[in-house]
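Trainee: Got a structure for you, written out below as C-alpha cells; questions coming shortly.
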Amino acid sequence: MSAPLLEVKNLKTHFKVPGETFFSASRYVKAVDGISFSVDKGDTFGLIGESGCGKTTLGRTILALEQRTEGDALFEGRSIFSLSSKELRKMRRDVQVIFQDPFSSLDPRMTVRQILEEPFDIHRLLPNSAERAQEIHKLIDVVGLPKAHLERYPHQFSGGQRQRVGIARALALKPKLIVCDEPVSALDVSIQAQILNLLQDLQKDFDLTYLFIAHDFSVVRHLCNKVAVMYLGRIVEIAETDTLFENPQHPYTEALLSAVPVPDPSVEKKRKRILLTGDVPSPLNPPPGCHFHPRCRYAVDACKIDTPALAETAPGHRAACPELPFKNDPSAAALVEIR
C-alpha cells in the first residue's frame, strides 16, 4: 500500500488561559488532545462532532495556522512543523482551505478577479497577464459562475455564490489536499446540496483529497468515505462511513446517530432516541479517564480512571470504548450503572 497523503500522529493543541486571580496558576484549554489518523490520496475523510469539540482547531493546526503543543502531522511523508518558512510556503500550494463563513473569508474591498489573482501573486505564478486571465476564466467557469461576476464585490453575491468564489480560490494553485472547514453549515439547505455536489465533481475532475470538517451527519454520509467522530478534543471512533452508520461502536456515536431525523414517518416513529444527560464538560477541566463517562449510559468505574485508546473492533473500525461487551451483551446490563 502507498503511504497516506496526510498522517496525524498524537497531535495536541493546548491554549494557555490566565488564572482567575493574580496568584492562581495558569490553566490550559485542551482543544486537541492526542489525535491520530491518516488520509489516503483521493479520500474524503470526514471529521465530525458537536460545536467546541476541537474540529476547527485540529484543521487549523494541520494547516500550521495554530501552534501545536505536541505530536506531528506529516504531508507526503514530511513533517509540516519542521518545514522552513520557504518550504511551508511551497507546501501551501498543495494544501488549501475552504472556510466556514464565505463572507468573512473574502476581502470586501477586492473584486472576484482580484481575489482569484491573489494566490498567483503570492506564489509568483503566471506572470503573463493573458495566461493568468485565461486561468481565472477557467476557475470561475468550473465553479458555475459567469465571467461577468469577476468584476463584482463579495457583498453583491448570495452566500452560495460567495462560497463558490472561495472554492475557486482554493483550486487556483491546483492543490492535492483541501481542508473543508464546515463549508456548507452557513448556507441554506437547498444551496448546501449544490455546493456538496460541486465538491464531488471537482474531486473527480482535479484528483482532490478532502479533509471535511462538519457537524451534520447527513452531509458527512453524502460526501465522505471515511469518518472520525470527535468528543472534547479526542477521536472516539473511526470507520468507513457505511460501517459507522450501520454499526456504531461508541456510545457517543450511537447517541448522535439516534438524533439524526429520518424522512420516513413510520420508521421515525419506531426509532428509540438516546437522550444524553448532563452538559458537555469544560475543556478547561475535562473529566479524568474517558471524557464521555459522565454522560454515558454504559459507564463503569474503570471509565473514570483509564483513558481508553482506539482499539479495533472490526477490520478498519476502531473505537475508544473498553466497555463494548457491556453494550453488546444484554445479560450484563444489570452490571452497568446508568448515569
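The values are calculated or read from the model by the stated rules, or taken from the named source; none is laboratory data. Just so it is clear, the model here is predicted, and its values are computed rather than measured. Note: ideal-geometry Cβ built from the backbone for every residue, glycine included; neighbour counts use all protein chains shown.
Trainee: Search region 235-257 for residues being acidic (Asp, Glu) and farther than 9 Å from HIS317 by Cα, and hand back the single one that is modelled with the highest pLDDT. Don't jump to the end; show me each part of the working.
Mentor: The first filter runs over region 235-257 and keeps only residues acidic (Asp, Glu), leaving 237, 240, 242, 246, 254.
From the residues that got through so far, the ones that are farther than 9 Å from HIS317 by Cα too are 242, 246, 254.
Values: ASP242: 94, GLU246: 91, GLU254: 91.
Filtering first and then ranking leaves ASP242.
Trainee: Among the candidates SER51, SER104, single out the residue that is within 19 Å of HIS14 (Cα to Cα), exposed (fewer than 13 other Cβ atoms within 10 Å of the Cβ) and assigned by TED's automatic domain parsing to the domain that holds ASN10.
Mentor: That would be SER51, the only listed residue that is within 19 Å of HIS14 (Cα to Cα), exposed (fewer than 13 other Cβ atoms within 10 Å of the Cβ) and assigned by TED's automatic domain parsing to the domain that holds ASN10.
Trainee: For region 29-66, what are the residues that are of a type in the set (Ser, Thr, Tyr) and within 24 Å of GLN203 (Cβ to Cβ)?
Mentor: SER38, THR44, THR56, THR61, listed by residue number.
Trainee: Then there's this: Checking TYR210 against (1) in the same structural domain as LEU139 (by TED's automatic domain parsing); (2) in contact with a Lys or Arg (Cβ under 9 Å, 6 or more places away or on another chain); (3) touching a residue at least 60 places away in the same chain (Cβ under 8 Å), which test does it fail?
Mentor: (2)
Trainee: Looking at (1) surrounded by 16 or more Cβ atoms within 10 Å (Cβ to Cβ); (2) closer than 29 Å to ALA255 by Cβ, which is the one condition that is false for PHE75?
Mentor: It fails just one condition, (2).
Trainee: Counting only residues that are touching a strand residue (DSSP E or B) at 6+ places or on another chain (Cβ under 9 Å) and outside any helix (DSSP H, G or I), which one in region 152-173 is surrounded by the most Cβ atoms within 10 Å (Cβ to Cβ)?
Mentor: Once the filter is applied, the top-ranked residue is ALA172.
Trainee: Any idea which of GLY59, GLY34 is in a helix (DSSP H, G or I), in contact with a Leu (Cβ under 9 Å, 6 or more places away or on another chain), in contact (Cβ under 8 Å) with a residue 12 or more places away in the chain and not hydrophobic (A, V, I, L, M, F, W, C)?
Mentor: The conditions single out GLY59.
Trainee: Now for a different question. Taking ASP205 as meeting all but one of (1) at pLDDT 90 or above; (2) surrounded by fewer than 16 Cβ atoms within 10 Å (Cβ to Cβ); (3) in a loop (DSSP other than H, G, I, E, B), write down the number of the exception.
Mentor: The single condition ASP205 does not satisfy is (3).
Trainee: If you check ARG89, ARG113, which single one turns out to be in a helix (DSSP H, G or I) and modelled with pLDDT under 95?
Mentor: Just a single option satisfies the conditions, and that option is ARG89.
Trainee: Return the residues of region 177-199 that are in a loop (DSSP other than H, G, I, E, B), out of contact with any strand residue (DSSP E or B) (no Cβ under 6 Å at 6 or more places or on another chain) and of a type outside the set (S, T, N, Q); say none if nothing qualifies.
Mentor: Of everything in region 177-199, those that are in a loop (DSSP other than H, G, I, E, B), out of contact with any strand residue (DSSP E or B) (no Cβ under 6 Å at 6 or more places or on another chain) and of a type outside the set (S, T, N, Q) turn out to be VAL184, ALA186, LEU187, ASP188.
Residue by residue, here is whether (1) modelled with pLDDT of 95 or more; (2) buried (at least 21 other Cβ atoms within 10 Å of the Cβ) holds:
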position	(1), (2)
LYS16	no, no
GLY19	no, no
PHE22	no, no
PHE45	yes, yes
ARG60	yes, no
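Trainee: Take the residues in region 255-271 that are within 23 Å of ALA320 (Cβ to Cβ) and either among the aliphatic types (A, V, I, L, M) or touching a residue at least 40 places away in the same chain (Cβ under 8 Å) (or both), then tell me which one is surrounded by the most Cβ atoms within 10 Å (Cβ to Cβ). Break it down stepwise before answering.
Mentor: The first filter runs over region 255-271 and keeps only residues within 23 Å of ALA320 (Cβ to Cβ), leaving 255-260.
Right, trim to either among the aliphatic types (A, V, I, L, M) or touching a residue at least 40 places away in the same chain (Cβ under 8 Å) (or both) and you get 255-257, 259-260.
Values: ALA255: 18, LEU256: 21, LEU257: 16, ALA259: 12, VAL260: 12.
Among them, the one singled out is LEU256.
Trainee: Read through the list (1) more than 20 Å from GLY49 (Cα to Cα); (2) modelled with pLDDT of 75 or more; (3) in a helix (DSSP H, G or I), then give the number of the only condition that PHE326 fails.
Mentor: Answer for PHE326: the failing condition is (2).
Trainee: Filter region 222-273 for residues that are under 24 Å from GLN194 (Cα atoms), among the acidic types (Asp, Glu) and assigned by TED's automatic domain parsing to the domain that holds ALA320 and give the result.
Mentor: Correct list: ASP264 only.
Trainee: So, one more: Could you please find all residues in region 272-297 being surrounded by fewer than 14 Cβ atoms within 10 Å (Cβ to Cβ) and at pLDDT 85 or above?
Mentor: Selection gives SER282, LEU284, ASN285, PRO288.
Trainee: Can I ask one more? Which condition number does ARG124 fail, the rest of (1) over 20 Å from the mean Cα position of the chain (by Cα); (2) in a helix (DSSP H, G or I); (3) surrounded by fewer than 17 Cβ atoms within 10 Å (Cβ to Cβ) being met?
Mentor: For ARG124, the exception is condition (2).
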